[in-house]
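Engineer: Let me begin by handing over the structure; questions about it come next.
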Amino acid sequence: MKVVTGVVGNDVHVVANRLIDISLRERGFEVFNLGVNTYLEEFLDAVVETDADVLLISSLNGEAEGWCRDLAILKSRYDFGDVVFAIGGNLGVGEMNPETLVPKYRGYGFDLVFHQIDLNVGLDRLEEHLKERGK
Amino acid sequence: MSLLQREREIIVHNEFTDRFDFDEVREFVAGASKNLFISHRFKTTDKMQVQPRGGFPTYDKVFKLYEEFKSAGVDILPLTIDSNTRLNDYATAKKMLALSEENDVDMLNGYPLINHGYRTTRKMITHFDTPVSLRHGTPDARLLVEIALASGIFEIEGGPITYLLPYSKNFPLDKAFLYWKYVERVCALYSELNEPINRESFGPLSATMQPPVIVLVIQLIEMLLSLEEGVKSFSVSFSQTGSMLQDIVSANVLKRLARKYADRFGHKDADIHLVYHQWMGAFPYDKSFSDALITTSTVIAAMVGADKIITKTRNEAFGIPTKEANALAVASVQYTLGMLQGLPDVGDEAEEENLANMVDEIMEAVFNDPADTLWRKVYNAIKKGHIEIPFSPHIINANEVITVRDPDGNIRLYDRGKLPISDRSFAFEKSKIRLREGERVVDKIIRDIGIML
C-alpha cells in the first residue's frame, strides 16, 4: 500500500517526519516522503503521481490549519477515488480543545485527524480504517 | 586583479554595506591585537577554552552580554547571527533590527552583523580584546565572513556540509561548496597578515542520534576542504553522544585521523584543534538536572582532552537564555574544570579500531570517486548516499541510515544504508545492539533520542 507523507507549510521539524517514515516502512507501507516544508498542492500532486492509497500530512509548529483550509477545493479538482486523507501532529497553536479541532479538520476534508496522539496509536487507527474500507 | 578579488568586490558592493575599504581592512588585520586570535590563544595556553553561545539584535545588548561573560571568566566570546541574515535576507533583518532598537524587544534571534556593519562592530570586538567566534548556519556566508573578519572576528564556524545538511531543505549543495571555497580563501588570505584565522567545523550536525563514523568523516572532509585553500588553523568538533565511552573513543580517533589526513595531503604545518559541544539534544525541564548534565559533560570534555568546550545553560529547555543564566554556565564550567587537572589517558582499543576502520573505509570511497576535485568527490558521495546524516531535512540526504543505542548508551548503526563500510565493521556495530523481544525499532529510537529528558 502506498503512502505519501510530509510536513506541511513552513515547518522544518524533521525528526518526527523521519520517525513516521520509518514506522510506515516497518508496517509494510511503500512510503513517498516529501519531507519538511511541503505545500498542500505538492502533496496532492504526489498522490496523483504515485497513485497513492493514503495521504498522511503532519505538522508540529501548529500552523497546519492555515495551510490545509483549501483541501476541499483542491480535492474537488480531481477524482481521488477512495484515497484516505489523514493529518496528525500538533494541529493548533497553544492549547486547543480536540473536540472543536477534530471536526474542523474533518470539515476541511480529512478522514482521520490525530491531534497530539501517539505515533503508534495513530498508525494503528490508520490501519484499522484501511481494513474497514476493505483495503 | 585576481578572479577572487573581483568576486570579493562584487560581494561587498551592495545596498546593505557602507563602502567596504579593502586596504583599510587589510591594515587592520595586519596590526590587530594578538589577543583577538583564538589560533594564538591555542598556541600559548594548554587550558581548555570555555565558550558559551549567544547573540542579541542590538549592539547594546551584545555589549552587555559580553560584559556579563567577561565577569564570569569567559575565554572565548561568541557572536551568534540571526536567522534572516543566515538566509541572506538582510532587508528583513534591517527591519527587525529597527523594531528591536525602537521597542526594546528582541525581534531577532541573533546579531544582524551585516546591518550593524564592520566599523561599528569592530569597536566592540577591539574593546573586549578577546577572541570572538562567529556562529551562524549560513550556506552562502561570503558577505557575512567578509564583514566578520573586517570586524576583528577571527574564528569562523561552519562549512559546506555541516551548515547545509542539518539546516536546509533545498539549498543547492554544489553552490554551498563553492561559496565556502570563497570563505576558506578569504580566511587563508588574511591568515598571511598576522596570526592565522581559525576555521571550525560544526560536528553536532542535526544533534539527533548522529553515529560517530559520520560525524568524523564530515569533520575530516571539511578540514581537508579548508586546508587545501590555505587555512592554517582548523578545529574539528563533535557533541556529547550520551555515552562517555563513545565520546572518548570519538575524540581519540578524531584527533589521530585529523592529523593523519592533514599530513597525507601535505598540510603538516596546519594546527588542528578539538572542540567539544555539551549535549545538543533535548534538555531536561528540571533545571537541577540541566546543571548535572552540564557538569557531567564538562568532565567528559576534560577526559577527551578538548581544546575548547562550548557550553549550554540550565535554561536550555525553555528557549534563548538570559545573559545571567548564560554567564552562570560559564562560571560553573570554569569552576568544574579547575578540579579536573592531570586526568589519566583512557581509551578502548577494540572500539577505536572499529571506528577508525569505518572512517577510513568511507574516506577511501570518497577519494576513489572519479571526479577531479575533492569537493566534487564529496558532492557525489553525498548524492550516492555514501555520506548521509540521520535526521537531515535536506532533499539530497539519502535517509537510509538508522541508528539506535546499545545497552551502554553508545549510538550504533542499525541500518548502514549505502554507507560504504565493510561487512566486518558493520558486524561489530550490529553485535552490540540488543532489542527487546517484539520491540519496534521506532519506539527504541524515540526513547534513545530522549535519554536526557
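Engineer: Could you work out how far helix B:142-151 tilts from the main Cα principal axis of chain B, as a 0 to 90 degree angle to the nearest 10?
Structural biologist: Around 60 degrees separate the two axes.
Engineer: Now for a separate question. Tell me the relative contact order for chain B as a rounded percent, counting alpha carbon contacts under 8 Å between residues six or more apart.
Structural biologist: 15 percent
Engineer: Quick check: from the Cα gyration tensor, does region A:2-132 come out rounded (a/c under 1.5), prolate or oblate?
Structural biologist: rounded
Engineer: Nearest 10 degrees, 0 to 90: what angle lies between the long axis of helix B:287-304 and the longest principal axis of chain B (Cα atoms)?
Structural biologist: Compared with the principal axis, the helix lies near 80 degrees.
Engineer: So, with +1 on the Cβ of K and R and -1 on the Cβ of D and E, and no other charges, what is the size of the charge dipole of region B:3-339 about its Cα centre, to the nearest 20 debye?
Structural biologist: Using only the charged Cβ atoms, the result is roughly 640 debye.
Engineer: Next up: Through the Karplus equation 6.51 cos²θ - 1.76 cosθ + 1.60, θ set to phi - 60°, convert the phi angles of region B:390-399 into ³J(HN,Hα) values in whole Hz; use x for Gly and Pro.
Structural biologist: x, 6, 9, x, 7, 5, 7, 5, 5, 6
Engineer: Next question, about the same structure. Name the GluC sites (Glu not before Pro) in region B:153-191 that are in a loop by DSSP and that have at most 15 other C-beta atoms within 10 Å, would you? Present the calculation step by step, with values, prior to reporting the outcome.
Structural biologist: Working: sites: B:E155, B:E157, B:E184; in loops: none.
Those that pass, being in a loop and sparsely packed, number zero.
Engineer: Moving to a separate point now. Going Cα to Cα from B:K287, which lysines come in below 22 Å? Please leave out same-chain ones fewer than 8 positions away.
Structural biologist: Once the sequence-local lysines are set aside, what remains near B:K287 is B:K312, B:K323.
Engineer: While we're looking at this one, here's another question. Under 5 Å between amide H atoms, partner at least 5 residues away or on a different chain: which partners does B:K47 have, H built in plane at 1.01 Å?
Structural biologist: none
Engineer: Let me ask something else. Does anyone have the angle between helix B:118-128 and the longest principal axis of chain B? Alpha-carbon axes, 0 to 90°, nearest 10?
Structural biologist: That helix lies at roughly 70 degrees to the long axis.
Engineer: Moving on to the next point. Sum -39500 (n - 2.57) across every DSSP H segment of at least 4 residues in the protein assembly as shown, then divide by the residue count to get the 222 nm mean residue ellipticity, nearest 500.
Structural biologist: Counting only the DSSP helices, I get -15000 deg cm²/dmol.
Engineer: Work out the mean other chain Cβ neighbour count within 10 Å for the residues of B:440-446 and drop it here as an integer.
Structural biologist: Numbers: counts 6, 4, 13, 6, 0, 5, 7.
Mean shielding count: 6.
Engineer: Here's something else I'd like to know. Between their Cα atoms, which of B:K232/B:K260; A:K2/B:K384; B:K64/B:K95; A:K104/A:K135 are more than 18 Å away from each other?
Structural biologist: Going by Cα-Cα distance, A:K2/B:K384; B:K64/B:K95; A:K104/A:K135 fall outside the 18 Å limit.
Engineer: Please go through the residue pairs B:K70/B:K94; B:K181/B:K268; B:K47/B:K255; B:K181/B:K377 and name each one whose alpha carbons sit more than 24 Å apart in this structure. All intermediate terms of the calculation are to be shown ahead of the outcome.
Structural biologist: On the way: B:K70/B:K94 28 Å; B:K181/B:K268 21 Å; B:K47/B:K255 17 Å; B:K181/B:K377 15 Å.
With Cα atoms farther than 24 Å apart: B:K70/B:K94.
Engineer: Which shape class, rounded, prolate or oblate, goes with region B:1-147 when its Cα gyration tensor gives a ≥ b ≥ c as root eigenvalues, a/c under 1.5 marks rounded, and past that a/b bigger than b/c marks prolate?
Structural biologist: Oblate, since a/c reaches 1.5 and b/c is not below a/b.
Engineer: Distance between Cα centroids, region B:418-447 to region B:140-175: provide it in whole Å.
Structural biologist: Cα centroid to Cα centroid, the span is 34 Å.
Engineer: Let me ask something else about it. Could you tell me which of rounded, prolate or oblate describes region B:130-192, using a ≥ b ≥ c as the square roots of the eigenvalues of the alpha-carbon gyration tensor, with rounded for a/c under 1.5 and, failing that, prolate when a/b is larger than b/c and oblate otherwise? All intermediate terms of the calculation are to be shown ahead of the outcome.
Structural biologist: Details: a/c = 2.54, a/b = 1.66, b/c = 1.52.
Here region B:130-192 falls in the prolate category.
Engineer: Cα centroids of region B:210-243 and region B:83-106: how far apart, whole angstrom?
Structural biologist: 32 Å
Engineer: Relative contact order for region A:2-132: what is it in percent, counting Cα pairs under 8 Å that are at least 6 residues apart?
Structural biologist: So the answer I get is 24 percent.
Engineer: To continue, here is another question. By a straight-distance test (C-alpha under 17 Å), which lysines pair with B:K432 as possible cross-link partners, with residues fewer than eight away in the same chain excluded?
Structural biologist: Result set, ordered by chain and number: B:K444.
Engineer: If you plug each phi of region B:133-139 into the Karplus form 6.51 cos²θ - 1.76 cosθ + 1.60 with θ = phi - 60°, what whole-Hz ³J(HN,Hα) values come out, in order, with x for Gly and Pro?
Structural biologist: Values per residue, Gly and Pro as x: 10, 8, 10, 9, x, 9, x Hz.
Engineer: Follow-up question, since we're still on this one. Please list, in chain and number order, the residues 5+ apart from B:Y414 or on another chain whose amide H is under 5 Å from its amide H, with Hs placed from the backbone.
Structural biologist: Counting only residues 5 or more places away or on other chains, the set is B:I402, B:T403, B:V404.
Engineer: Other chains' Cβ within 10 Å of A:28-39 residues: what's the mean?
Structural biologist: On the way: counts 0, 0, 0, 0, 0, 1, 2, 8, 6, 5, 1, 0.
The shielding value for this peptide is 2.
Engineer: What ³J(HN,Hα) values, in whole Hz, does the Karplus curve 6.51 cos²θ - 1.76 cosθ + 1.60 give for region B:209-222 when θ = phi - 60°, with x put for Gly and Pro?
Structural biologist: Computed from phi, the couplings for region B:209-222 are 6, 7, x, x, 4, 6, 4, 5, 4, 5, 4, 5, 5, 5 Hz.
Engineer: Amide H to amide H under 5 Å from B:H273: which residues, 5+ apart in sequence or cross-chain, H placed 1.01 Å off N in plane?
Structural biologist: Here the answer is B:F234, B:S235, B:V236, since their amide H atoms fall under 5 Å of that of B:H273.
We did not get these values from a lab; they are worked out from the coordinates using the rules stated. If you're wondering where the values come from, they're calculated on a predicted model, not measured in any experiment. Counting neighbours? That spans all protein chains shown, and the Cβs are built from the backbone with ideal geometry, glycine included.
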